[in-house]
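Report on the following structure.
The values are calculated or read from the model by the stated rules, or taken from the named source; none is laboratory data. For clarity, every value in this text was computed on a predicted model and none was experimentally measured. So basically every Cβ, Gly included, is an ideal-geometry build from the backbone, and we count neighbours across all protein chains shown.
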């Protein structure tokens, strides 16, 4: 393995100080060489810690890693403009996943340099004399965080980067040995997170900084995931090959109970964190960095230096936050007529840097099942409205089109701000009249009598036209009266960990046999989340205030007995398209069961006939391939490289 510590550049992170009115930033000095002596200074420790927060932007918000977490699940398939990176992840026969095209490599190449930085801080910070255990605990948290993500994705990974297990390495190292899954958990993840829980503060030292609560969440998730791994209900193979036994002789039930207990400790001692009052508030851009967010990869509109990327154009690569582009279809192709007779079509919905719109990329698309079945209740449950953009409104004056009125579906007049195209919540009782091809809308949308907006029903979505992702849409304060900078990467933070997940982890542990506290069983915990989902304060797609409390109806609809499939369905409603799904399906070994078929329309405008697509998901697919870049760095024999790779990718 090539040295991971001295030839990897991580851009500067923005971490705003938590103290009110404080404008100081933690600034990283970019360095090409980290040495033990560097980490024996306060400046070195602070610089190393800042780089740890910065490294999150090379994973989260990167669209290709984002693709690896979602495409091929029951939530997402590939869009019309998908390239091989997306086609391979879908497992539907368009391309085969391999060590070259797997974009899980984004995790591997970002995590190991960060782990080595953490090793350096943990090993050397005590020599400074003024470094608190809380600061070292931040390094422990991030080392455990990276190893936890790696072991879920690739199986066992190396603890020795060239200088011994969990030791800071300064020399080029061109061989590597993978540890087993139990070794990674019991030698690295659990000890680091337990120490982080003990030493981290309840209140973050900086906004978005590591705390006891986020450490408890990841410790509980690690216990839960390891328990599933030990149980292995569907006989999924592991690699490197090892028996599914715990080194300390503990069984899966012990770890399910630990997951429950730690998650409940996080809920009961939350520090400054809490659930937002409505689901709309969780993802509203003007409410970013809210008290539900435990960890995020930060960005800012105020400075390119601290944003880590341009504020005017998108590079299409890390550290930009461009994940939200991937499920944005090309709504800019919608046309409305300048004349009442339907002639002289103009672009009525133009590309704009607002949360409902953003930059089209069309690499990923929601499945019909996600829209129609996962979010079946669109009346009581606010999460569909708080996830998708389903109404596309006219904004043509911002793009320089002077017409006060345009003519849309049924040649009816529309004015700026009115709906131009609507994705209906359900199949209408009156059949939609769809055109062949693009039609008057230019995007194949249909009409209903008396409506001025073009319409598409849930079963009419396709790989080319589908609801966008409101929750990941961009937000700028510098648009003025124009369209702003929609081609830039999003300057919003990419959310990684939420307080709400503590409820899901605890509930899942109970479903798997953990003994709950009185009144804190799986149904009660899930109902906390569902009750919140029933509370509305704004209907974002209809762009109107909606003060409504459907909590009682949401709770009444919860099954009396919660099973793992219900937990997974509820997790999908809560975290749709946020990067959780592949890990959820792999952890519970439900990927093949829940995602082996899906429905969606084709790749041409006017194609509204659902197609059923079959995926081939093998047991070996539950691990991603070791990236080719890693194999290329190793100075070992071809046979040793083959043995290093996960089975099924040779």
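Tabulated values for the structure
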| quantity | calculated |
| --- | --- |
| Residues of region 464-515 that turn out to be farther than 15 Å from residue 328 by Cβ and part of a strand (DSSP E or B), as a count | 5 |
| Hits in region 574-590 - residues which are surrounded by fewer than 22 Cβ atoms within 10 Å (Cβ to Cβ) and over 21 Å from residue 226 (Cα atoms) | 575 |
| Any hit, region 304-312, residues being on the phi < 0 side of the Ramachandran plot and touching a strand residue (DSSP E or B) at 6+ places or on another chain (Cβ under 6 Å) | no |
| Test: residue in region 297-312 that is closer than 18 Å to residue 201 by Cα and touching a helix residue (DSSP H, G or I) at 6+ places or on another chain (Cβ under 9 Å) | no |
| Of residues in region 439-452 being in contact (Cβ under 8 Å) with a residue 60 or more places away in the chain and under 26 Å from residue 355 (Cα atoms), the one surrounded by the most Cβ atoms within 10 Å (Cβ to Cβ) | 445 |
| Near pairs, Cβ below 6 angstrom, 6+ apart or cross-chain, from region 184-207 (closer than 21 Å to residue 50 by Cα) to any residue that is surrounded by fewer than 20 Cβ atoms within 10 Å (Cβ to Cβ) and modelled with pLDDT under 95 | 204/18; 206/17; 206/18; 207/16; 207/18 |
| Verdict on residue 329 being surrounded by fewer than 23 Cβ atoms within 10 Å (Cβ to Cβ), within 30 Å of the chain's Cα centre (by Cα) and outside any strand (DSSP E or B) | no |
| Residues satisfying the stated conditions in region 360-379, i.e. part of a loop (DSSP other than H, G, I, E, B) and either over 20 Å from the mean Cα position of the chain (by Cα) or at pLDDT below 95 (or both) | 376, 377, 378, 379 |
| Selected residue [in contact (Cβ under 8 Å) with a residue 12 or more places away in the chain and more than 26 Å from the chain's Cα centre (by Cα)] from 119, 114 | 119 |
| Checklist (1) touching a strand residue (DSSP E or B) at 6+ places or on another chain (Cβ under 6 Å); (2) in a loop (DSSP other than H, G, I, E, B) applied to residue 295, failing item | (2) |
| Checklist (1) crowded, with 21+ Cβ neighbours inside 10 Å; (2) over 30 Å from residue 473 (Cβ atoms) applied to residue 593, failing item | (1) |
| Entirely in region 55-162, the helices (runs of 4 or more DSSP H) that have 1 or more residues that are in contact with a strand residue (DSSP E or B) (Cβ under 7 Å, 6 or more places away or on another chain) | 63-70, 84-90 |
| Conditions (1) surrounded by fewer than 16 Cβ atoms within 10 Å (Cβ to Cβ); (2) free of Cβ contacts under 8 Å to residues at least 24 places away in the same chain; (3) within 24 Å of the chain's Cα centre (by Cα); (4) closer than 30 Å to residue 536 by Cα; number of the one not met by residue 289 | (2) |
| Contacts under 6 angstrom Cβ, first residue in region 589-601 being closer than 21 Å to residue 238 by Cα, partner modelled with pLDDT of 95 or more and in a helix (DSSP H, G or I), 6 or more apart | 591/585 |
| Enumeration of residues in region 337-359 that are over 30 Å from residue 472 (Cβ atoms) and assigned to a loop (DSSP other than H, G, I, E, B) | 338, 339, 340, 341, 342, 343, 344 |
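Let's see how each residue does on (1) in contact with a strand residue (DSSP E or B) (Cβ under 6 Å, 6 or more places away or on another chain); (2) touching a residue at least 12 places away in the same chain (Cβ under 8 Å):
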| residue | (1), (2) |
| --- | --- |
| 414 | yes, yes |
| 419 | yes, yes |
| 429 | no, no |
| 458 | no, yes |
| 471 | no, yes |
| 481 | no, yes |
| 485 | no, yes |
| 491 | no, yes |
| 494 | yes, yes |
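Conditions (1) touching a strand residue (DSSP E or B) at 6+ places or on another chain (Cβ under 6 Å); (2) within 21 Å of residue 600 (Cβ to Cβ); (3) crowded, with 21+ Cβ neighbours inside 10 Å, marked per residue:
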site	(1), (2), (3)
380	no, no, no
390	yes, yes, yes
394	yes, no, yes
405	yes, no, no
411	no, no, no
422	yes, yes, yes
426	no, yes, no
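Residue by residue, here is whether (1) at pLDDT below 95; (2) more than 27 Å from the chain's Cα centre (by Cα); (3) buried (at least 24 other Cβ atoms within 10 Å of the Cβ) holds:
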site: 215; (1), (2), (3): no, no, yes
site: 219; (1), (2), (3): no, no, yes
site: 223; (1), (2), (3): no, no, yes
site: 230; (1), (2), (3): no, no, no
site: 237; (1), (2), (3): no, no, no
site: 240; (1), (2), (3): no, yes, no
site: 254; (1), (2), (3): no, yes, no
